[in-house]
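I'd like to ask some things about the structure below.
The values are calculated or read from the model by the stated rules, or taken from the named source; none is laboratory data. This one's a predicted model, so the numbers in the text were calculated from it and none came from an experiment. Because the Cβ atoms are built from the backbone with ideal geometry, glycine has one as well, and the counts that use them run over all protein chains shown. What goes into the accessible areas is simple: the full protein's heavy atoms, side chains included, and nothing from ligands, DNA or RNA. Shrake-Rupley method; radii C 1.70, N 1.55, O 1.52, S 1.80 Å.
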Amino acid sequence: MLMSANGADLVRAFVYVILGGGVAAGYAALEFTRKGVSPGELCIISEEPVAPYERPALSKGFLLPESPARLPSFHTCVGANEERLTPKWYKEHGIELVLGTRVKSVDVRRKKLLTATGETISYKILLIATGARALKLEEFGVDGSEAENVCYLRDLADANGLVNVMQSCSSGNAVVIGGGYIGMECAASLAINKINVTLVFPEVHCICLSKSYSFFDEAVARLFTPKIASYYEEYYQSKGVKFVKGTVLTSFEFDSSGKVMAVNLRDGSQLPADLVVVGIGIRPNTSLFEGQLTLEKGGIKVNGKMQTSNDSVYAVGDVAAFPVKLFGETRRLEHVDSARKSAKHAVAAIMEPKKSGEFDYLPFFYSRVFGLSWQFYGDNVGEAVHFGDYSSGTFGAYWISKGHLVGSFLEGGTKEEYEAIAKATSLKPPVEDLAELGQQGLNFALTI
Ligand code: FAD
Ligand code: NDP
């Protein structure tokens, strides 16, 4: 819809605008059509040049040496066994995709966005789905991110870059910086590509308790217990991945063309590198709204309807700090299931405000690497009770806080077993005897 405002500026006006074109945007678009949005009413503005896609594919199927996943196969919403929303789908539904376009400012009082191409877009309702950006080494005082063989992994352009470097260094050496989700998934994918991988991180274990607690105010207890982490580390080692723990990168060695040849670590050692992958955490993209909306926990604070401190503005996905009923507190989650479900909930709240209640979300994270696959539901606070046979490949842990089950982790489960731990966690049953719980193991969840 083109309108002329005061005969001068051309302003495009939409009823609904989604700012950001990632996972949450795709799931929101599908929900808008289900709730009866009319052609021409909805617009998605994204810095990325492609329609929304399933970001998790970038560290998994996209990096496979044989038959790698490529667009359009993983456009949203295939990740939740829903329709695949190709650019044609958006066209058929009259949804305007403004791609390859960064929004450089937003005026929430005037309900207007200004794009980097100089266009003004107005809205009645804005859905913020700007996700997050990868933290750069420079933010930790290390220079060299611009070298062509130093890779980050947040979007499709990064993934294409990583594939190019990977293909140019077959059988070479990769150093992966960061023992979080990106580090672990990329290390596995690189090993599958027959690259020699060394994973470097500051903690004692991967995806384990954070040493620094530096990013935000509250302590960050990462998911794995030392016992769970040790299982994955041993598995990775059996696939040839090496671990260098308790230290961080301090600088790079470059060749005459500016490519990284080696990384220097704080412990004084040096590792040869044909490829470096950096996964040292993210920062939510909130900067457009600082001073305009209430922020909390590094994200944009929303209520149970995903509505921000401005009635006409909603926020979803990685950028939203929302009340998690189960925990009785506000959290910001950086996982795909929460992006999908918060987007769906926000759209229901926008389109059917009287019918929609408060977002009642059970946090769910998962990962798949090599032949492994785990799922986690709830919260990893309190005491961890391990169960199962860690040598059989099917094992897990429950977290008990204040006498109740609050979190469940399972590796190698069946569909029914994953459903059982999800249900058990959502019910928060009382647990009196931790030793007995450990003995019952999966049966505890299966018989609830
Ligand atoms: P995003 O998907 O990041 O989308 C944000 C969008 O906003 C992007 O398109 C961005 O370009 C756009 N944008 C930002 N600012 C602007 C602006 N100013 N103007 C225009 N556009 C803008 N989670 C899991 O649970 N399991 C997994 O296995 C898993 N794997 C992952 C693998 C990788 C490689 C990555 C990077 C993440 C993974 N995640 C996984 C996390 C999951 O992908 C995120 O939680 C999810 O993508 C968040 O969705 P979102 O829509 O909030 O943000
Ligand atoms: P994470 O926060 O998971 O992990 C970051 C890791 O980098 C930690 O081990 C951290 O250690 C370490 N680190 C921090 N600073 C440095 C430094 N200067 N040098 C070396 N190591 C450092 O972030 P990721 O980058 O791995 O993941 C990015 C996002 O993608 C997250 O939102 C994640 O949830 C998402 N993702 C999710 C997946 C899933 O759910 N399966 C898969 C892939 C990505 P410390 O804790 O001590 O600071």
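Is there a residue in segment 342-361 that is more than 11 Å from ligand 1 (Cβ to nearest atom), among the β-branched types (Val, Ile, Thr) and under 30 Å from GLY61 (Cβ atoms)?
yes
Taking the criterion of being over 24 Å from LEU113 (Cα atoms), without any contact (Cβ under 8 Å) to a residue 24 or more places away in the chain and within 16 Å of ligand 1 (Cβ to nearest atom), would at least one residue in segment 318-335 satisfy it?
No.
Counting only residues that are open to solvent by 60 Å² or more (accessible area, probe 1.4 Å) and part of a helix (DSSP H, G or I), which one in segment 236-266 is farthest from GLU146 (Cα to Cα)?
For segment 236-266, the residue satisfying everything is SER238.
Starting from residues that are at pLDDT below 95 and open to solvent by 10 Å² or more (accessible area, probe 1.4 Å), keep the ones in segment 182-206 and report whichever is farthest from the chain's Cα centre (by Cα).
Among those residues, the one meeting the criterion is VAL204.
Scan segment 143-153 residue by residue and report those that are buried (at least 18 other Cβ atoms within 10 Å of the Cβ) and either under 23 Å from the mean Cα position of the chain (by Cα) or at pLDDT below 95 (or both).
Matches in segment 143-153: VAL150, CYS151, TYR152, LEU153.
Okay, next question. Would you point out the residue of segment 368-416, among those that are of a type in the set (D, E, K, R), in a strand (DSSP E or B) and open to solvent by 30 Å² or more (accessible area, probe 1.4 Å), that is nearest to ILE207 (Cα to Cα)?
In this case the residue turns out to be ARG368.
Considering segment 80-114 alone, what residues qualify as being in contact with a His (Cβ under 7 Å, 6 or more places away or on another chain) and β-branched (Val, Ile, Thr)?
THR86
So which of MET351, MET306 is modelled with pLDDT of 95 or more and more than 21 Å from the chain's Cα centre (by Cα)?
Only one candidate passes the filter, namely MET351.
Also, I was wondering about something else. Quick one: VAL175 ticks every box in (1) buried (at least 19 other Cβ atoms within 10 Å of the Cβ); (2) under 28 Å from GLY299 (Cα atoms); (3) within 16 Å of ligand 2 (Cβ to nearest atom) bar one, so which box is it?
Unmet for VAL175, out of (1) buried (at least 19 other Cβ atoms within 10 Å of the Cβ); (2) under 28 Å from GLY299 (Cα atoms); (3) within 16 Å of ligand 2 (Cβ to nearest atom): (2).
Do we have any residue at all in segment 48-63 that's among the hydroxyl-bearing types (Ser, Thr, Tyr) and within 16 Å of ligand 2 (Cβ to nearest atom)?
Yes - at least one qualifying residue is present in segment 48-63.
Which of the residues belonging to segment 286-315 are in contact with a helix residue (DSSP H, G or I) (Cβ under 6 Å, 6 or more places away or on another chain) and within 14 Å of ligand 2 (Cβ to nearest atom)?
Result: GLY299, single match.
Among the strands (runs of 3 or more DSSP E) contained in segment 296-359, which hold 2 or more residues that are open to solvent by less than 10 Å² (accessible area, probe 1.4 Å)?
299-301, 313-315, 320-324
Can you confirm whether segment 113-121 contains a residue that is touching a residue at least 12 places away in the same chain (Cβ under 8 Å), surrounded by fewer than 17 Cβ atoms within 10 Å (Cβ to Cβ), closer than 25 Å to LEU58 by Cα and away from ligand 2 (no atom under 16 Å from the Cβ)?
no
Being within 12 Å of ligand 2 (Cβ to nearest atom), open to solvent by 30 Å² or more (accessible area, probe 1.4 Å) and in contact with a Leu (Cβ under 8 Å, 6 or more places away or on another chain), is that true of even one residue in segment 157-168?
yes
Among GLU54, GLU82, GLU31, which is charged (D, E, K, R), modelled with pLDDT of 95 or more, within 22 Å of HIS335 (Cβ to Cβ) and touching a Lys or Arg at 6+ places or on another chain (Cβ under 6 Å)?
GLU31
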